[in-house]
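Step one of this worksheet: look at the structure below.
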Amino acid sequence: AQSVTQLDSHVSVSEGTPVLLRCNYSSSYSPSLFWYVQHPNKGLQLLLKYTSAATLVKGINGFEAEFKKSETSFHLTKPSAHMSDAAEYFCVVSGRAAGNKLTFGGGTRVLVKP
Amino acid sequence: DAGVIQSPRHEVTEMGQEVTLRCKPISGHNSLFWYRQTMMRGLELLIYFNNNVPIDDSGMPEDRFSAKMPNASFSTLKIQPSEPRDSAVYFCASSFQRGGVDTQYFGPGTRLTVL
């Protein structure tokens with residue numbers, strides 16, 4: 001079985017300050033991990049993915065995430081938040097043991113203050 | 001690339017009516033997924049197809065829901081009869097599966113309101 005826990009349902013940051021979105025996963029086998037972003041009334045857009053290559057993954061829009069197997073974590077960070085980063089972010093786990101089905105976290109809604 | 005295309009983007013209907021949602025996957029992709037998103041339950045996988053064949057429909061809520069994929073470039077999700085509790089955003093996603101874990105690309109969604 002696989003599962004994902006996003007530790008914060010809401011995160012509020014000031015523009016220009018760092019963003020940290022926390023994600024812990026559980027998976028029986030080597031997982032693949034993704035972060036997706038959903039802007040209001042839009043579909044989900046892939047930010048980045050980890051598939052057992054480099055543990056530090058760089059994505060679009062300045063986001064990156066680090067896979068830490070010992071901590072079963074895949075936290076998402078960005079050094080400097082922009083107003084356009086206000087959205088909901090989903091951490092997602094998948095794996096061949098689960099038939100490549102995606103399991104979504106509950107989402108973290110990010111508010112960026114000017 | 002046009003991405004995954006869904007239609008309609010918004011649908012408002014009355015309870016008991018039939019609703020059909022449409023999806024055109026990314027050209028060349030061989031897998032297609034239907035998801036439902038609600039505030040209460042988050043994102044749920046309803047069904048997915050591989051090479052136009054339904055592989056897992058365990059997420060389909062009940063017999064009122066049906067999905068088809070007559071060819072590689074088109075899929076439908078039908079609800080008949082619709083009920084207010086079906087109100088949600090329905091997403092279609094597609095991917096190219098080649099043995100490893102693939103990346104799914106999502107459409108913009110269809111917001112369904114059943115009155």
With respect to the numbered conditions (1) touching a strand residue (DSSP E or B) at 6+ places or on another chain (Cβ under 8 Å); (2) assigned to a loop (DSSP other than H, G, I, E, B); (3) among the acidic types (Asp, Glu), which one is the sole condition not fulfilled by B:Asp63? (1)
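Does region B:74-86 hold any residues that are in a loop (DSSP other than H, G, I, E, B) and surrounded by fewer than 16 Cβ atoms within 10 Å (Cβ to Cβ), and which are they? Break it down stepwise before answering.
Step one: list which residues in region B:74-86 are in a loop (DSSP other than H, G, I, E, B), which gives B:80-83.
Of everything in region B:74-86, those that are in a loop (DSSP other than H, G, I, E, B) and surrounded by fewer than 16 Cβ atoms within 10 Å (Cβ to Cβ) turn out to be B:Gln80, B:Pro81, B:Glu83.
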Within region B:88-106, which residues are free of Cβ contacts under 8 Å to residues at least 40 places away in the same chain and surrounded by fewer than 18 Cβ atoms within 10 Å (Cβ to Cβ)? B:Arg98, B:Gly99, B:Gly100, B:Thr103
Residue list for region A:57-105, filter: within 14 Å of chain B (Cβ to nearest Cβ), loosely packed, with under 15 Cβ neighbours inside 10 Å and touching a residue at least 60 places away in the same chain (Cβ under 8 Å): A:Arg96, A:Ala97
For region A:28-44, how many residues meet the condition of being within 11 Å of another protein chain (Cβ to nearest Cβ) and either surrounded by fewer than 16 Cβ atoms within 10 Å (Cβ to Cβ) or over 16 Å from the mean Cα position of the chain (by Cα) (or both)? 5
Please state which of the following conditions A:Val112 fails to meet, knowing it meets all the rest: (1) within 14 Å of chain B (Cβ to nearest Cβ); (2) modelled with pLDDT of 95 or more. (1)
Can you tell me which condition B:Asp63 does not meet? The list is (1) at pLDDT below 95; (2) within 14 Å of chain A (Cβ to nearest Cβ), and all the others hold. (2)
Answer yes or no: is there a residue in region B:107-114 that is crowded, with 16+ Cβ neighbours inside 10 Å, over 11 Å from the mean Cα position of the chain (by Cα) and away from chain A (no Cβ under 14 Å). yes
Only one of these conditions is not met by B:Gly99: (1) at pLDDT 90 or above; (2) among the small types (Gly, Ala, Ser); (3) part of a loop (DSSP other than H, G, I, E, B). Which number is it? (1)
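The values are calculated or read from the model by the stated rules, or taken from the named source; none is laboratory data. Since we're looking at a predicted model, the values are computed, not measured. As a convention, Cβ positions derive from the backbone with ideal geometry for all residues, glycine included, and neighbour counts pool all protein chains shown.
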